[in-house]
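Written out below as structure tokens is the structure these notes cover.
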Amino acid sequence: MVYMISYDLTQPERSYKAVQEIIETCSCGKFVHPLGSVYLISTTLTSDKLTELIKTTIDKDDSFLVCEINRNYQGYIKAELWKDIEELFS
């Protein structure tokens with residue numbers, strides 16, 4: 001499955017590192033980080049399991065969203081990222 005994970009940490013001094021590390025670990029190295037707080041990942045985990053794992057790294061005032069995505073996508077990002085995104089589906 002390919003998922004989009006977007007997060008927003010409410011405390012300005014809060015480090016995004018823990019959230020990013022768990023997302024990258026869940027992807028087993030198959031991820032694209034096209035925007036500041038958005039990841040696209042390929043994983044065998046379910047959205048429920050991803051949610052459970054990400055929740056361990058955030059505060060109660062933080063928020064995130066996990067959505068399964070398909071090949072119906074568009075956007076305005078760096079050109080080289082499109083190839084990386086397509087590879088998530090293979």
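A few points about this structure:
- Surface share of carbon and sulfur [accessible, 1.4 angstrom probe, percent] for the chain: 52
- Cross-link table Lys30/Lys83; Lys17/Lys55; Lys17/Lys49; Lys55/Lys83; Lys60/Lys83; Lys30/Lys55, entries beyond 24 Å C-alpha to C-alpha: Lys55/Lys83; Lys60/Lys83
- Residue among Tyr39, Tyr76, Tyr16 with the largest mean-square fluctuation in a Gaussian network model of the chain, springs linking Cα atoms under 10 Å: Tyr76
- Taking the C-alpha atoms only, the angle from helix 79-88 to the longest principal axis of the chain is near 90 degrees.
- Derived scalar couplings ³J(HN,Hα) [the range 61-71; Karplus, 6.51 cos²θ - 1.76 cosθ + 1.60; whole Hz; x for Gly, Pro]: 8, 7, 9, 7, 9, 10, 10, 6, 10, 10, 7
- Computed extension gain for Glu52 through Phe89, at 0.36 nm per residue and net of the alpha carbon distance, reaches 11.0 nm.
- Candidates Glu21, Glu52, Glu80: whichever shows maximal mean-square fluctuation once the chain is modelled as a Gaussian network with Cα springs under 10 Å: Glu80
- Taking Gln11, Gln20, Gln74 in turn, the Gaussian network model of the chain (Cα-Cα springs below 10 Å) assigns the largest fluctuation to Gln74.
- Value of [θ]222 nm, deg cm²/dmol, for the chain, DSSP H segments ≥ 4, -39500 (n - 2.57) each, nearest 500: -9500 deg cm²/dmol
- Karplus 3J(HN,Hα) series, Hz, for the range 31-46 with 6.51 cos²θ - 1.76 cosθ + 1.60 (x for Gly, Pro): 9, 10, 10, x, 9, x, 10, 10, 10, 10, 10, 10, 7, 8, 6, 7
- The chain - accessible surface per residue (Å², probe 1.4 Å): 65
- Dipole of the chain, positive direction: furthest Cα of Tyr73, Ser37, Leu9, with charges on the beta-carbon: Tyr73
The values are calculated or read from the model by the stated rules, or taken from the named source; none is laboratory data. These numbers come from a predicted model, not from an experiment. Here Cβ is always computed from backbone atoms with ideal geometry, including for glycine, and neighbour counts include all displayed protein chains. These accessible areas exclude ligands, DNA and RNA; they are computed on the full protein's heavy atoms, side chains included. Shrake-Rupley method; radii C 1.70, N 1.55, O 1.52, S 1.80 Å.
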